[in-house]
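First the structure, in the form of structure tokens, and then the observations on it.
The values are calculated or read from the model by the stated rules, or taken from the named source; none is laboratory data. The shown structure was predicted, so the numbers you read here are calculated from the model rather than taken from an experiment. When we count neighbours, we look across all protein chains shown, and the Cβ atoms used for this are built from the backbone with ideal geometry, even at glycine.
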Amino acid sequence: MSTVVEHVLAAPSRYVQGRNVIQKLGSHLKSLGSTPLLVADDVVWEIVEDSLAKGFEESDLPVTRVGFGKFATAEAVDSLVETLRNGGHDVIAGIGGGSTIDAVKAAGHLAGISWASVPTAASSDAPTSALAVIYTDEGEFVEYRFFPKNPDLVLIDTVLVANAPERFLVGGIGDALATWVEARAVAKTRAKTMVGDAPTYTGTALAELSWKILWENALDALDAVRSRTVTPALEAVVEANTLLSGLGFESGGLAAAHAIHNGMTAAPQTHGLTHGEKVNIGTLTQLIMEGAPSAEIEDFIVFSTKVGLPNSLAEIGLTPEDQKEIRAIAEAATVEGETIHNMPFTVTPELVAEAMTVAETLSRRIRAEHGLPEPQLYRAQH
């Protein structure tokens, strides 16, 4: 029997982005079911309730909402499944951040119903994907859960994004900047992606497009958020962070950057940082490990500093002297099965630890040469 190799492009059934589209959530969910369950924490619900209520009324849908905690834990998922079954719900929508959306995906899959992602910030590329990241109650990475389909709907309102904290958009940019750096590494090895045996050219191309849009629009998009306005630059970055990066990482592949992020979840010093902030350290570490051209590394440090992303150990609460912690991150990032092994060379804990350590010196030198602020030590809130 001949070997079967699958090149898979995974995508949500429908992606909706624009000003005030939260008002149309009811009509979009109407095509998926008649008894939706909305999942949102109290802060998010206070922001969106009035905007979506009229649309639900016009679509003759009941507004049923349950709250959500901080992390997508196995227990949180199981609790949602029980709520779905007890209430006879036929579609579930996660409104808010990545953990809310991930828990909803996992619960929707287990309950065998449709699910929708409704991010209220462009803070990660998770909403479009057919996977969820499960954590402990303390926020430590436990596992990826993979599903046989992507969300039935992804809806993101750019007015909500413009009014969300600036740091959320910064984190989304950090998450999305990794997409092309990782996808191009996977393209060299033709390694497994999150959904297939090898990447698609489409997934790789979308990852590169995300990168290009960010370099052209990120700083202007951040100005829009500071002004709480929706501009073409903000629309472009929202699409790059959410759709293009989502399709790019899933069908183009992950490599070192996200594995190093996963390793960091075991380091208490890094707790409180956003997903994208930690991923950015992983991206720089990957660039150093792969021997990227010095001009590319310099440009990356300058650009990510201007965006407001960490690119030094200090900014994630560490120093080069914290070798025990750095080694622990490196060990966790290189466990069997991690995506770091999609790199086109053998990656060891020593290689990761050395690259993370030298990042501090590199960052400080390049920032000084460009008149940029020197890194400040991050202190996690315990």
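Would you point out the residue of the stretch 80-98, among those that are part of a helix (DSSP H, G or I) and touching a Ser or Thr at 6+ places or on another chain (Cβ under 9 Å), that is nearest to Ala122 (Cα to Cα)?
Step one: filter the stretch 80-98 for residues part of a helix (DSSP H, G or I), giving 80-87, 98.
Among the residues that remain, those that are also touching a Ser or Thr at 6+ places or on another chain (Cβ under 9 Å) are: 87, 98.
Numbers: Gly87: 31, Gly98: 10 Å.
Here the answer is Gly98.
Selection over the stretch 66-89 of residues that are in contact with a strand residue (DSSP E or B) (Cβ under 7 Å, 6 or more places away or on another chain) and more than 17 Å from Ala130 (Cβ to Cβ) gives a count of 10. Considering only residues that are modelled with pLDDT of 90 or more, in contact with a strand residue (DSSP E or B) (Cβ under 6 Å, 6 or more places away or on another chain) and not aliphatic (A, V, I, L, M), look in the stretch 137-157 and name the one that is surrounded by the fewest Cβ atoms within 10 Å (Cβ to Cβ). Looking at the filtered set, the residue picked out is Phe146. Of the numbered criteria (1) surrounded by fewer than 20 Cβ atoms within 10 Å (Cβ to Cβ); (2) within 23 Å of Glu140 (Cβ to Cβ), the one Thr339 fails is (1). Of the residues making up the stretch 331-353, just one is touching a Ser or Thr at 6+ places or on another chain (Cβ under 8 Å), of a type in the set (Ser, Thr, Tyr) and in contact (Cβ under 8 Å) with a residue 60 or more places away in the chain, namely Thr334.
Residue by residue, here is whether (1) modelled with pLDDT of 95 or more; (2) touching a Gly at 6+ places or on another chain (Cβ under 8 Å); (3) not assigned by TED's automatic domain parsing to the domain that holds Glu138 holds:
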residue	(1), (2), (3)
Ser312	yes, no, yes
Leu318	yes, no, yes
Ala328	yes, yes, yes
Ile340	yes, no, yes
Pro344	yes, no, yes
Ser363	yes, no, yes
Tyr378	yes, yes, yes
His382	no, no, yes
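Here the condition is being in contact with a helix residue (DSSP H, G or I) (Cβ under 7 Å, 6 or more places away or on another chain) and not aromatic (Phe, Trp, Tyr); of Gly272, Gly317, Gly291, it holds for Gly317 alone. Just checking, how many residues over the stretch 1-24 are farther than 23 Å from Val225 by Cα and not in a strand (DSSP E or B)? The qualifying residues number 13.
Condition test on Thr189, is it in contact (Cβ under 8 Å) with a residue 24 or more places away in the chain, in contact with a Leu (Cβ under 8 Å, 6 or more places away or on another chain), surrounded by fewer than 24 Cβ atoms within 10 Å (Cβ to Cβ) and more than 30 Å from Gln381 (Cα to Cα)? Reasoning before the result, please.
Details: in contact (Cβ under 8 Å) with a residue 24 or more places away in the chain: yes; in contact with a Leu (Cβ under 8 Å, 6 or more places away or on another chain): no; surrounded by fewer than 24 Cβ atoms within 10 Å (Cβ to Cβ): yes; more than 30 Å from Gln381 (Cα to Cα): yes.
It is false that Thr189 is in contact (Cβ under 8 Å) with a residue 24 or more places away in the chain, in contact with a Leu (Cβ under 8 Å, 6 or more places away or on another chain), surrounded by fewer than 24 Cβ atoms within 10 Å (Cβ to Cβ) and more than 30 Å from Gln381 (Cα to Cα).
Checked against (1) in contact (Cβ under 8 Å) with a residue 24 or more places away in the chain; (2) buried (at least 16 other Cβ atoms within 10 Å of the Cβ), Pro165 passes all but condition (2).
Please tell me if Gly291 is part of a loop (DSSP other than H, G, I, E, B) and over 27 Å from Ile156 (Cα atoms). Yes; evaluated as a whole, the condition is true for this residue.
Annotation note: Cβ proximity below 8 Å between a residue of the stretch 244-258 that is farther than 11 Å from Asp125 by Cβ and a residue that is surrounded by fewer than 24 Cβ atoms within 10 Å (Cβ to Cβ) and of a type in the set (Lys, Arg) (sequence gap 6+ or interchain) occurs for Gly253/Lys192. Residues of the stretch 214-237 that are over 16 Å from Lys306 (Cα atoms) and within 19 Å of the chain's Cα centre (by Cα): Leu234, Glu235, Ala236.
Against the conditions (1) within 23 Å of Arg184 (Cα to Cα); (2) buried (at least 18 other Cβ atoms within 10 Å of the Cβ), Asp299 satisfies every one except (2).
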